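Undergrad: Pasting a structure below so you can have a look.
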Amino acid sequence: MQKIKTAIAEKLANKIKADFPGAEISGRDILSMFEYPPDPEMGDFALPCFKLSRSLRRSPMQIADTVVSGFESPELSRAESVKGYINLFVSNDYIAKKTVGDILTLGDDYGKNASGEGKTVVLDYSSPNVAKPFHLGHLGTTVIGHSLRRLFEFSGYNCIGVNHLGDWGTSFGKQIVAYKLWGTKEMIDRDGVDGLVTLYQRFHEEAENKPEMYDDARAEFTKLENGDPENTELWKWFIGISIEEYKRTYKQLDIEFDYYTGESFYTDKMPAQVEKIRQSGILKIDDGASIVDLSEYNMPPCLILKRDGSTLYPTRDISAAVYRKETFDFDKCVYVTSAGQSLHFAQWFKVVELMGYDWADRLVHVPYGTMSINGAKLGTRSGNVVWLKQLLQMSVDKVRGVIDEKNPNLENKEQVAEEVGVGAIVFNYLSNSRIKDISFDLEGALDFNGNTGPYVQYTYARCCSILGKAGGFDENAELTLTDASESTLIKTLSRFPEKVEEALSQYEPSVITRYILDVAAAFNRFYHDCQILSAKDESVKNTRILLTAATKTVLGNAFGLICLKKPEKI
Ligand code: ARG
């Protein structure tokens with residue numbers, strides 16, 4: 001569709017220039033003015049003439065009437081002037097041939113674009129805090145971040161995924177105190193991160209009555225900072241255990257990182273940046289702490305060094321950004337975190353700018369809303385912690401139950417349960433605009449008849465099954481379109497490339513999720529209205545099989561962008 005729109009825009013611009021001598025308008029201008037009418041009866045896309053009215057000195061109605069008269073193009077079946085709009089109707093035959101041809105020849109590459117060629121993007125996402133639970137709050141950054149990575153890759157960018165683990169700070173002092181008091185090697189070897197969390201929670205319980213334990217924790221952390229061998233070894237061990245467990249979850253989600261460089265990685269890189277901040281003349285001492293005053297920008301000060309000289313979260317982020325710029329020469333560095341951290345990012349992005357780095361405007365924060373489960377807010381302190389791995393397991397178990405009941409002889413039952421169970425959670429999460437606060441409901445996410453992951457995966461499997469039974473088809477045969485649902489399906493399929501661009505420009509994977517639902521709905525309508533394998537006419541039958549193959553390709557490519565697996569049978 002995008003190509004057609006571009007071609008039509010060019011032709012309309014030429015027509016306007018011919019109709020209104022002296023008019024200065026380009027195809028690009030026209031392209032940016034196109035709108036989608038609310039009702040398909042009013043055209044596939046439309047040019048509102050209101051904006052043109054001033055420069056052409058005619059009413060929108062007059063402009064639309066004049067331009068439409070005598071305007072023709074092979075891509076269009078007609079163009080109509082209605083109340084100041086030029087409504088454009090794409091020729092079904094043209095679009096069908098072009099779209100289906102493109103999809104079948106391009107296959108896995110259908111929908112890709114080259115806008116990012118030669119550019120590198122660093123994506124900082126997931127980034128859980130080690131020694132604290134990887135709870136559901138991190139689901140958002142993990143799946144949004146990875147989906148953005150796939151979208152960037154699909155658009156030709158070279159992508160670098162960094163897991164900026166929270167692996168440094170006083171919480172490790174607490175962890176070490178707790179381990180030395182109550183932990184054993186056997187227990188941690190056996191229970192992994194769960195064991196670490198139990199110890200961490202016990203620290204907080206007991207410290208409530210013994211506040212001096214916080215001093216002990218600070219002392220242990222200072223020892224760690226000074227390179228004490230015993231503490232360093234414990235710290236490394238805790239991190240190793242945590243990463244190992246995270247990797248199991250990432251594997252389930254089909255996610256990989258290029259680097260697990262957590263906050264501690266930047267320890268030796270910070271002094272130089274603190275010095276640079278000082279030299280820029282923006283470092284102030286406030287009550288013993290070093291800060292950058294941001295009142296001029298309506299923000300609270302950015303804290304750089306505590307009173308005791310230790311560094312803070314922003315200091316590490318600033319150093320990490322400089323390191324990444326020097327190492328990867330990124331075109332963009334994208335951070336995905338909860339909206340609760342928006343101020344933090346705005347503050348240190350500003351500091352980077354004030355330090356004189358001209359790439360400060362290439363730092364992008366992508367925030368997302370909070371998630372509650374069946375209405376209950378999640379939080380480490382409220383005791384309402386749900387671990388991601390538990391939720392994934394619950395979902396997989398439920399899907400296994402459905403399969404046992406409905407299709408007990410399915411091959412690869414375990415794998416399918418895993419792919420559909422995990423997919424349900426991911427799809428549900430990514431169905432909402434990321435900034436919205438959402439309430440999660442597992443039953444709803446698993447409903448095979450709702451707008452869910454299982455429903456769209458089932459649609460994909462349906463395509464596979466039809467193609468399996470069809471045995472083969474003639475890719476080059478002319479299309480014979482006889483039913484309106486066929487044209488609607490093709491038009492929906494043709495929108496994929498522009499949906500990819502839209503999703504990336506807004507950093508919004510839900511554009512893809514919603515698009516997948518549109519494709520599934522259009523395909524299921526077609527499936528319901530048309531006989532495919534039992535169609536009498538050979539050419540009609542071949543066309544319908546081609547449409548099924550094209551749908552499978554588009555769904556598959558779109559699934560890839562939101563980390564949804566493609567089971568061929570459910
Ligand atoms: N570890 C942090 C958290 O769990 C997120 C880190 C995000 N990335 C960053 N560069 N600050 O809240």
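Read-outs throughout are calculated quantities, based only on the coordinates presented, and are distinct from any laboratory measurement. Keep in mind that this is a model prediction, so the values were computed, not measured. Cβ: placed from backbone, ideal geometry, glycine included. Neighbour counts: every protein chain shown.
Undergrad: Could you give the angle, 0 to 90 degrees to the nearest 10, between helix 413-430's Cα long axis and the longest principal axis of the Cα atoms of the chain?
TA: 90
Undergrad: Volume per residue, Å³, of the convex hull around the alpha-carbon atoms of the stretch 303-457?
TA: On the way: hull volume 26.3 nm³, N = 155.
Looking at the stretch 303-457, the number lands at 170 Å³ per residue.
Undergrad: Shifting gears a bit: Give the Cα extents of the stretch 397-493 along the principal axes, in whole Å, largest first.
TA: Result for the stretch 397-493: principal-axis Cα extents of 47, 39, 18 Å.
Undergrad: Same structure again: Using the crude model of +1 on Lys and Arg Cβ and -1 on Asp and Glu Cβ, and no other charge, please compute the dipole size for the stretch 263-317 relative to its Cα centre, in debye to 20. Write out the running numbers ahead of the final one.
TA: On the way: 7 positive and 9 negative charges, 25 e Å.
So the dipole magnitude of the stretch 263-317 works out to roughly 120 debye.
Undergrad: Can you give me the distance in nm between label points at residue 299 and residue 372, each placed 7 Å from the Cα along the Cα-to-Cβ direction?
TA: Label at residue 299, label at residue 372, 3.0 nm between them.
Undergrad: Taking the Kirkwood radius as the inverse of the mean 1/r across Cα pairs, report the Rg/Rh of the stretch 488-570. Don't jump to the answer; show the numbers that get you there.
TA: Working: Rg = 14.0 Å, Rh = 13.6 Å.
Using Cα coordinates only, the ratio equals 1.03.
Undergrad: Next question. Name the longest site-free stretch of the chain, where the excluded sites are GluC sites (Glu not before Pro) in a DSSP loop with no more than 13 other beta-carbon atoms within 10 Å.
TA: Values: sites that count: 24, 72, 117, 208, 256, 411, 475, 478.
So the longest stretch without any such site is 257-410.
Undergrad: Only sites in a loop by DSSP and with at most 15 other Cβ atoms within 10 Å count here; which chymotrypsin sites (Phe, Trp or Tyr not before Pro) in the stretch 501-565 make the cut?
TA: Details: sites: 507, 515, 523, 526, 527, 559; in loops: 507.
Nothing satisfies the criteria.
Undergrad: Report, in deg cm²/dmol and to the nearest 500, the calculated mean residue ellipticity at 222 nm for the chain, where each DSSP H run with n ≥ 4 adds -39500 (n - 2.57) and the sum is divided by the residue count.
TA: -18000 deg cm²/dmol
Undergrad: With only Lys, Arg, Asp and Glu charged, each at its Cβ (+1 for the first two, -1 for the last two), find how big the charge dipole of the chain is about the Cα centre; round to the nearest 20 debye. Kindly include the intermediate steps, with their values, before the conclusion.
TA: On the way: 66 positive and 80 negative charges, 175 e Å.
About 840 debye.
Undergrad: Please report the Cα spread of the stretch 37-158 along all three principal axes, rounded to whole Å, starting with the longest.
TA: Extents along the principal axes, in whole Å: 69, 38, 31.
Undergrad: Something else: Would you report the distance distribution of C-alpha pairs in the stretch 262-391 as whole percents per 10 angstrom bin, up to the bin with the largest distance?
TA: Calculated P(r), rounded to whole percents: 11, 38, 29, 17, 5, 0.
Undergrad: Taking only Cα atoms of the chain, what ratio of Rg to Rh do you get with Rh as the Kirkwood inverse-distance radius?
TA: On the way: Rg = 28.3 Å, Rh = 27.1 Å.
Rounded to two decimals, Rg over Rh is 1.04.
Undergrad: May I have the extent of the alpha carbons of the stretch 1-81 along their three principal axes, as whole Å values ordered from largest to smallest?
TA: For the stretch 1-81, the Cα spread along each principal axis is 31, 23, 21 Å.
Undergrad: Determine which lysines satisfy two conditions relative to residue 223: a Cα distance under 20 Å, and not lying fewer than 8 residues away in the same chain.
TA: 174, 180, 236, 269, 306
Undergrad: Follow-up. Filter 284/350; 112/491; 132/566; 112/565; 389/413; 276/350 down to the pairs with a C-alpha to C-alpha distance above 22 Å, please.
TA: Values: 284/350 15 Å; 112/491 18 Å; 132/566 33 Å; 112/565 19 Å; 389/413 20 Å; 276/350 14 Å.
Pairs exceeding the cut-off: 132/566.
Undergrad: Aspartates and glutamates within cross-link reach of residue 119: Cα-Cα under 15 Å, excluding same-chain residues under 8 positions apart?
TA: Filter leaves 153, 326, 329, 331.
Undergrad: Kindly provide log₁₀ I(q)/I(0) values, in the same order as q = 0.10, 0.11, 0.20, 0.22 Å⁻¹, from the Debye equation applied to equal alpha-carbon scatterers of the stretch 186-320.
TA: For the stretch 186-320, the Cα-only Debye profile gives -0.50, -0.60, -1.24, -1.30.
Undergrad: Among the lysines, select those whose C-alpha is under 18 Å from the C-alpha of residue 536, and discard any that sit fewer than 8 residues away in the same chain.
TA: 469
Undergrad: Let me know the shape class of the stretch 431-570, please: from the alpha-carbon gyration tensor, a ≥ b ≥ c as square roots of the eigenvalues, rounded when a/c is under 1.5, otherwise prolate if a/b is greater than b/c, or oblate.
TA: Numbers: a/c = 2.30, a/b = 1.73, b/c = 1.33.
The shape class here is prolate.
Undergrad: Can you compute the charge dipole magnitude of the stretch 14-113 about its Cα centre, using +1 on each Lys and Arg Cβ and -1 on each Asp and Glu Cβ, nothing else charged? Give it in debye, rounded to the nearest 20. Don't skip to the answer; put the middle values down first.
TA: Numbers: 12 positive and 15 negative charges, 106 e Å.
Using Cβ point charges on Lys, Arg, Asp and Glu, the stretch 14-113 gives about 520 debye.
Undergrad: Could you tell me which residue out of 143, 156, 100 lies farthest along the dipole of the chain toward its positive end? Charges go on the beta carbon: Lys and Arg +1, Asp and Glu -1, centred on the Cα centre.
TA: Sorting the options by dipole projection puts first 100.
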